[in-house]
Protein chains: 2
Amino acid sequence: MLAVMKFGGSSVADLEKIRNVAERCIKKWKEGNQVIVVLSAMGKTTDGLIGQAHQIADMPSRREMDMLLSTGEQVSVSLMAMTMLKMGVPAISLNAWQVAMHTTSAYQNAKLKRIDTERIQKELDSNKIVVVTGFQGINKYDDVTTLGRGGSDTTAVALAAAMNADVCEIYTDVDGVYSADPRIVPNARKMDEVTYEEMLEFASLGAKVLHNRCVEMARRYNVKLVVKSSMSEEEGTVVKESTKMEKMLISGVATDKNIAKITVAGMKDDPESTFRLLNLLAKHGMNIDVMIQSLEKDGTKTLTFTIARPDMLMAAELLKQHGDVLGRVDISCEEDVAKVSVVGAGVSSNPGVAAKMFEALSDAGINTDMITTSEIRITAVIAEDEAEAAMRVVHDRFAAEWE
Amino acid sequence: MLAVMKFGGSSVADLEKIRNVAERCIKKWKEGNQVIVVLSAMGKTTDGLIGQAHQIADMPSRREMDMLLSTGEQVSVSLMAMTMLKMGVPAISLNAWQVAMHTTSAYQNAKLKRIDTERIQKELDSNKIVVVTGFQGINKYDDVTTLGRGGSDTTAVALAAAMNADVCEIYTDVDGVYSADPRIVPNARKMDEVTYEEMLEFASLGAKVLHNRCVEMARRYNVKLVVKSSMSEEEGTVVKESTKMEKMLISGVATDKNIAKITVAGMKDDPESTFRLLNLLAKHGMNIDVMIQSLEKDGTKTLTFTIARPDMLMAAELLKQHGDVLGRVDISCEEDVAKVSVVGAGVSSNPGVAAKMFEALSDAGINTDMITTSEIRITAVIAEDEAEAAMRVVHDRFAAEWE
């Protein structure tokens, strides 16, 4: 069996932890598997390098940033290979150009395009554990690029796809995917399996176990993902195509506080005005999330939507500046909001899910604002200070069914 | 004009120093020159990385060491390029594989074989300052290698040769090459010019301004080297082919305390025994230096030689173990010795030089042991605790002629 094992920065933060990870990988290798290990930079290394760069310039050159940051993973892979060799196991470290991992040319936010398999295959064939730098690639100019947020997870999945690995194991500081945040909902249940789609919904809802990019890629190339704890030997959660999971009504509850609400009143009531507004925000890289539109008695339109909280002020400012295309609009912002969502393959086929969710919220006296649904998700916007309570009551209402 | 400017680790030890170096390079660029900058790792970075590796293993994998250490220069070149860009000057950093710099495959002690000029030329043509990692290369396996001691200087000279640069400036913490160590001989004189040959003798004599490898390479490819201070605007010392320098009797005095003396008595008096001894040491990477051989009355031979001090014990042990090839020999070691040497193109053509040197030592009551000479050097082995005094008296004896 060929396994890709990915460990994040906190799992390789010091030499002691590197030794633990090495032992774990060696165990798998000794069981007769071929092993590719993908690593992030050690602990706070990347933050330290970013800090230095920001002492030089507020907006350092993006190309040079990638040249700088990519050293972090090279340090962790070489120390890891050294550690394995010291333990008497053949191992070799490879960076992005040695592999090579080809990306688009966008510095700091590159996308993987193609991974050459020859070098890795050669090293696997000679029975070595291959330790590869996550998060980085090279572009067509032979420049170093980095993959942006969730980059190392994406590297691991892409490698698993390219090498046709049997499994891609993502080791984190939690031991799997839970039906709700276990720090808030004590009786949250660890899921044995979850579908790609559910995982995507969880990620977009702020349960940040895996980045969407990596789940998307796993789905596209049908890579079997396992989320596991780097601390324990627990089984973890398998992320894969839906099979026997249909019977499960919902698989989990998530909240997201990193949102803000913007209301735009007094828009002209024509189809174009909504499009113009969305277009304006998209051009500036801002995605809107839950959206409702209502027609007022005076013939104007009111548009309300949520947006990532850090984007709120900039979005409001943009909309003010473009009164010409939007009409004479009135803009108001609200920061103290949150989303609570239930996710599960059974949502669309079971009309009772929504009723159950809103009953639970209503019983707890939690008011809901906007509501939106997808095939496998129901989301309500609520007050921020009620987010934890909402998660708890909704989770408990469904929990009985998991027993 | 195309200039290669090389700065060592202490010149780029922090962001402030990086800014100073950037200003210096930009000044040269603004004067209408093309500029290639070669950098070592920042300050103690390399030592820090070596320290980590040695916590993992006493003898860490050499391949992985190079993978680890090469990150050091990549950090300094990217921070340097960022700094220049922030100052509004086009700049780009390149590491060894981007250039590419091809080396032999010997990790930790690779030799440069060939440097591709295409990428650097392209960047120079687009008017950029090109900032290149010193000390590192890639081998035929696409593995990272490092060049060993004096590596960054060698990178700079090799780049100057490959790019046909007009000058290769090596910036150090001294402002040139002196006729003796100015910390020991207060009236030591900074030389304006020195030949490659003299520079080579100085380096081998422990005056470590430039490593021999870099001087050898400069001589072979006729690269004009300038040794300058990174702190001041002083002129520095030019290292080049001998031209008008013949009239100078000697150019400097150097001492070397990093030696030990080994005496091997009772060797068989045949030509082979000496060869066998030298061969034995060479096979273990130990070079002997000054050597004398004398025939004893009992028909045996005594061989006395100096060797790098850290090699002494190992050399003595080796010789003891091989009594079979050397005969029943008697080995004695002496650590408290040093060499004092005068160097200069006029040495061989002026028999008076040796006389003057030994007269100065004799006047000061300094006893000389073994003596050896080359075309441009006279070396005497003396007691270690007299090394500074010897340097001073010999230097003063010749100093009058420089006025």
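Could you compute the longest span of chain B free of chymotrypsin sites (Phe, Trp or Tyr not before Pro) located in DSSP loops and having at most 16 other Cβ atoms within 10 Å, not counting the site residues?
That gives B:222-403 as the longest site-free run.
Under 18 Å from the 7 Å Cα→Cβ point of B:Thr373, by amide nitrogen: which residues of segment B:293-308?
Within reach of a label on B:Thr373: B:293.
Only Cα pairs within less than 10 Å get springs; with that Gaussian network setup on chain A, which residue of A:Ser362, A:Ser152, A:Ser93 has the largest fluctuation?
Its mean-square fluctuation being the largest, the pick is A:Ser362.
Considering only DSSP beta bridges where both residues belong to chain B, give the percentage that are antiparallel (nearest 5).
Given both bridge residues lie in chain B, the antiparallel proportion sits at roughly 60 percent.
Just to verify a number: FRET efficiency for A:Asp58 and A:Thr104, C-beta to C-beta distance, R0 = 30 Å, to 0.05? Can you show the working numbers first?
Values: r = 25 Å, r/R0 = 0.84.
Efficiency for this residue pair is about 0.75.
Can you bin segment B:2-172 into rounded, prolate or oblate? Criterion: square roots of the alpha carbon gyration tensor eigenvalues sorted a ≥ b ≥ c, rounded for a/c under 1.5, prolate for a/b above b/c, oblate for the rest.
oblate
Run down the lysines and flag those whose C-alpha is under 22 Å from the C-alpha of A:Lys17, throwing out any fewer than 8 positions away in its chain.
Qualifying lysines at Cα under 22 Å: A:Lys6, A:Lys27, A:Lys28, A:Lys30, A:Lys44, A:Lys86, A:Lys128, A:Lys228.
Kindly identify chain B as rounded, prolate or oblate by the Cα gyration tensor criterion: order the square roots of the eigenvalues as a ≥ b ≥ c, call it rounded if a/c is under 1.5, otherwise compare a/b with b/c, prolate if a/b is larger, else oblate. Please report the intermediate quantities before stating the final value.
On the way: a/c = 2.33, a/b = 1.47, b/c = 1.58.
It is oblate, given that a/c is not under 1.5 and a/b is not larger than b/c.
With every protein chain kept in the model, how would you rank B:Lys111, A:Lys283, B:Lys128 by accessible area, 1.4 Å probe, largest at the top?
The ordering from most to least exposed comes out as A:Lys283, B:Lys111, B:Lys128.
Roughly how many Å² of B:Glu118 are accessible to a 1.4 Å probe, to the nearest 10?
Using a 1.4 Å probe on the heavy atoms, I get roughly 150 Å².
Let me know the charge dipole size of segment A:1-107 about its Cα centre in debye, to the nearest 20, where only the beta-carbon of Lys, Arg (+1) and Asp, Glu (-1) is charged.
Using only the charged Cβ atoms, the result is roughly 420 debye.
Using a 1.4 Å probe on the protein heavy atoms only, what accessible surface does B:Glu16 show? Give it in Å² to the nearest 10.
Accessible surface of B:Glu16 is approximately 100 Å².
How far apart, in nm, are the 7 Å Cα→Cβ label points at A:Lys268 and B:Glu23?
5.7
Which one of A:Leu200, A:Leu280, A:Leu69 has the biggest mean-square fluctuation once chain A is modelled by GNM with Cα springs under 10 Å?
A:Leu280
Kindly sort A:Arg62, A:Arg397 by accessible area of their heavy atoms, largest first, with the probe set to 1.4 Å.
Result of the area sort, largest leading: A:Arg62, A:Arg397.
Based on the alpha-carbon gyration tensor of the protein assembly as shown and its eigenvalue square roots a ≥ b ≥ c, which shape applies: rounded if a/c is under 1.5, prolate if not and a/b is larger than b/c, or oblate? Working shown, then result.
Numbers: a/c = 3.53, a/b = 2.10, b/c = 1.68.
It comes out prolate by the Cα gyration axes.
What is the distance in Å between the Cα centroid of segment A:275-352 and that of segment B:317-345?
85
Helix B:271-283 sits at what angle to the longest principal axis of chain B, using alpha carbons and giving 0 to 90 degrees rounded to 10?
30
Students often forget the sequence filter, so: which lysines lie under 18 Å Cα-Cα from A:Lys111 once same-chain residues fewer than 8 apart are removed?
Hits, sequence-local ones excluded: A:Lys140.
Enter the mean number of other protein chain beta carbons within 10 Å of the beta carbon of each residue in A:47-55, as an integer.
Counting Cβ atoms of other protein chains within 10 Å of each residue's Cβ and averaging gives 3.
Before I look further, what does the protein assembly as shown give for accessible area per residue, probe 1.4 Å, in whole square angstrom?
Heavy-atom SASA per residue in the protein assembly as shown reads 43 Å².
Between the helical axis of A:352-363 and the dominant principal axis of chain A, each derived from Cα atoms, what acute angle in degrees is found, rounded to the nearest 10?
70
Roughly what angle does helix A:312-321 make with the longest principal axis of chain A, taking Cα atoms, 0 to 90 degrees, to the nearest 10?
The angle comes out at about 50 degrees.
Quick one: among B:Val226, B:Val177, B:Val264, which has the greatest mean-square fluctuation in a GNM of chain B with alpha-carbon springs under 10 angstrom?
The residue with the greatest mean-square fluctuation here is B:Val264.
Hey, what did chain B get for relative contact order, percent, Cα under 8 Å, at least 6 apart?
Relative contact order, chain B: 13 percent.
Compute the separation of the alpha-carbon centres of segment B:118-155 and segment B:174-233 and state it in Å as a whole number.
Here the two parts' Cα centres lie 23 Å apart.
Roll a 1.4 angstrom probe over the protein heavy atoms and tell me the percent of accessible area of chain B that is carbon or sulfur.
48
Net charge near B:Met87: determine it from the other residues with C-beta under 12 Å of the C-beta of B:Met87, scoring Lys and Arg +1 and Asp and Glu -1.
+4
So which trypsin sites (Lys or Arg not before Pro) in segment B:309-377 pass both tests, a DSSP loop state and at most 11 other Cβ atoms within 10 Å of the Cβ? If you can, show how the numbers build up before the last one.
Values: sites: B:Lys320, B:Arg328, B:Lys339, B:Lys356, B:Arg377; in loops: B:Arg328.
Those that pass, being in a loop and sparsely packed, are B:Arg328.
Quick check on chain A: helices-only [θ] at 222 nm, where DSSP H runs of length 4 and up contribute -39,500 (n - 2.57) each and the sum goes over total residues. Nearest 500, please. Provide the component values of the computation, followed by the final result.
Numbers: 13 runs with 148 residues, N = 403.
Taken over chain A, the calculation gives -11000 deg cm²/dmol.
So how exposed is B:His284, as accessible area in Å² (1.4 Å probe, rounded to 10)?
90
Leaving ligands, DNA and RNA out of it, rank B:Asp66, A:Asp14 by accessible area with a 1.4 Å probe, largest first. Walk me through the numbers before you get to the answer.
Details: B:Asp66 0, A:Asp14 65 Å².
From most accessible down to least: A:Asp14, B:Asp66.
May I ask for the distance between the Cα centers of segment A:382-399 and segment A:81-95, given as a whole number of Å?
Here the answer is 47 Å between Cα centres.
The values are calculated or read from the model by the stated rules, or taken from the named source; none is laboratory data. Predicted model only: the values in this text are computed from it and were never measured. No Cβ is skipped: glycine too gets one built from the backbone with ideal geometry, and neighbour counts run over all protein chains shown. Each accessible area value is taken on the protein alone, full model and side chains, heavy atoms only, with ligands, DNA and RNA left out. Shrake-Rupley method; radii C 1.70, N 1.55, O 1.52, S 1.80 Å.
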